[in-house]
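Reading through the structure tokens given below for one structure.
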Amino acid sequence: MAANPGSSKVVTFVRSVWQDFKNTNGFDACLLGDIQILRAIPGSVECSLKLEKRHLNRMGNLHGGCIAALTDLSGSLALASRGLFVSGVSIDMNQTFLKSGGTLGSQILLHAKCDRLGSNIAFTSVDFFTEAKETFAKGRHTKFVRNALNDPRNCFDLD
């Protein structure tokens, strides 16, 4: 992704969707409330997260469940970069753990993409990077989006 933040319209919309997640005070806000949206262009979002104790397993490394939650959330934000305010419901999700992803205080980067947005199904993918820019995990997420495509808060003129 380019060094600039991307289209201000896309970044603004994606951040408004993330703010809506946080306003609900649900699981995403409690576990991932400190995630930062760095860049967004249509179909792609880059985020960062500084790891806190709540993100770690008992051995002091990033928890696999947190990686799953990040796959879900960042994939939803990638769909937001295509104009969806709500991102549908999960059908399938998987993660591949390549190596340890970080410890307390380290910063991770996520590159999330909307691989395909169809009239019923959307596919997203997420690459996870350490501070040293090494890939440590990959996530894939499939969502049913037919109902989400009709949400009045959608913004399909982000280009």
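Yes or no, residue by residue, for (1) surrounded by 22 or more Cβ atoms within 10 Å (Cβ to Cβ); (2) in a strand (DSSP E or B); (3) at negative phi; (4) of a type outside the set (Asp, Glu):
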| residue | (1), (2), (3), (4) |
| --- | --- |
| Met59 | no, no, yes, yes |
| Ile67 | yes, no, yes, yes |
| Thr71 | yes, no, yes, yes |
| Asn94 | no, yes, yes, yes |
| Phe123 | no, yes, yes, yes |
| Phe128 | yes, yes, yes, yes |
| Arg146 | no, no, yes, yes |
| Cys155 | no, no, yes, yes |
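Taking residues in the stretch 86-104 that are closer than 16 Å to Leu51 by Cα, and partners anywhere that are of a type in the set (Val, Ile, Thr) and in a strand (DSSP E or B), the pairs with Cβ atoms closer than 8 Å and at least 6 places apart or on different chains are Gly101/Ile108; Gly102/Ile108.
Please state which one of His55, His63, His141 is without any contact (Cβ under 8 Å) to a residue 24 or more places away in the chain, over 19 Å from Lys9 (Cα atoms), crowded, with 17+ Cβ neighbours inside 10 Å and not basic (Lys, Arg). Walk me through how you get there before you give the answer.
On the way: His55 fails: without any contact (Cβ under 8 Å) to a residue 24 or more places away in the chain; His141 fails: without any contact (Cβ under 8 Å) to a residue 24 or more places away in the chain.
Of the residues listed, the single one that is without any contact (Cβ under 8 Å) to a residue 24 or more places away in the chain, over 19 Å from Lys9 (Cα atoms), crowded, with 17+ Cβ neighbours inside 10 Å and not basic (Lys, Arg) is His63.
On the basis of being among the aliphatic types (A, V, I, L, M), in contact with a helix residue (DSSP H, G or I) (Cβ under 7 Å, 6 or more places away or on another chain), more than 22 Å from Ala29 (Cα to Cα) and not in a loop (DSSP other than H, G, I, E, B), does Ala112 make the cut?
Values: among the aliphatic types (A, V, I, L, M): yes; in contact with a helix residue (DSSP H, G or I) (Cβ under 7 Å, 6 or more places away or on another chain): yes; more than 22 Å from Ala29 (Cα to Cα): no; not in a loop (DSSP other than H, G, I, E, B): yes.
Against the criterion (among the aliphatic types (A, V, I, L, M), in contact with a helix residue (DSSP H, G or I) (Cβ under 7 Å, 6 or more places away or on another chain), more than 22 Å from Ala29 (Cα to Cα) and not in a loop (DSSP other than H, G, I, E, B)), Ala112 does not qualify.
Scanning the stretch 107-129 finds no residues that are modelled with pLDDT under 95 and not hydroxyl-bearing (Ser, Thr, Tyr). Number of residues in the stretch 104-114 that are surrounded by 14 or more Cβ atoms within 10 Å (Cβ to Cβ) and more than 13 Å from the chain's Cα centre (by Cα): the value is 1. Picking from residues in the stretch 58-73 that are in contact with a Phe, Trp or Tyr (Cβ under 9 Å, 6 or more places away or on another chain) and of a type in the set (Gly, Ala, Ser), the one that is nearest to Asp157 (Cα to Cα) is Ala69.
Of all residues in the stretch 13-36, none are buried (at least 17 other Cβ atoms within 10 Å of the Cβ), among the aliphatic types (A, V, I, L, M), in contact with a Gly (Cβ under 8 Å, 6 or more places away or on another chain) and at pLDDT 95 or above.
Listed residues Leu31, Leu38; which is part of a strand (DSSP E or B) and touching a residue at least 24 places away in the same chain (Cβ under 8 Å)?
Leu38
Here Ser81 meets the list (1) in contact with a Gly (Cβ under 7 Å, 6 or more places away or on another chain); (2) more than 22 Å from Glu131 (Cβ to Cβ); (3) without any contact (Cβ under 8 Å) to a residue 60 or more places away in the chain almost entirely, failing just condition (3).
With respect to the conditions (1) modelled with pLDDT under 95; (2) surrounded by 13 or more Cβ atoms within 10 Å (Cβ to Cβ); (3) over 24 Å from Lys99 (Cα atoms), Ala80 falls short on a single one, namely (1).
Return yes or no: is Phe129 in contact (Cβ under 8 Å) with a residue 12 or more places away in the chain and farther than 17 Å from Arg15 by Cα?
Working: in contact (Cβ under 8 Å) with a residue 12 or more places away in the chain: yes; farther than 17 Å from Arg15 by Cα: yes.
Against the criterion (in contact (Cβ under 8 Å) with a residue 12 or more places away in the chain and farther than 17 Å from Arg15 by Cα), Phe129 qualifies.
The values are calculated or read from the model by the stated rules, or taken from the named source; none is laboratory data. Remember, predicted model here, so these are calculated numbers, not experimental data. Here the Cβ is made from the backbone with ideal geometry for all residues, glycine too, and neighbour counts use every protein chain on show.
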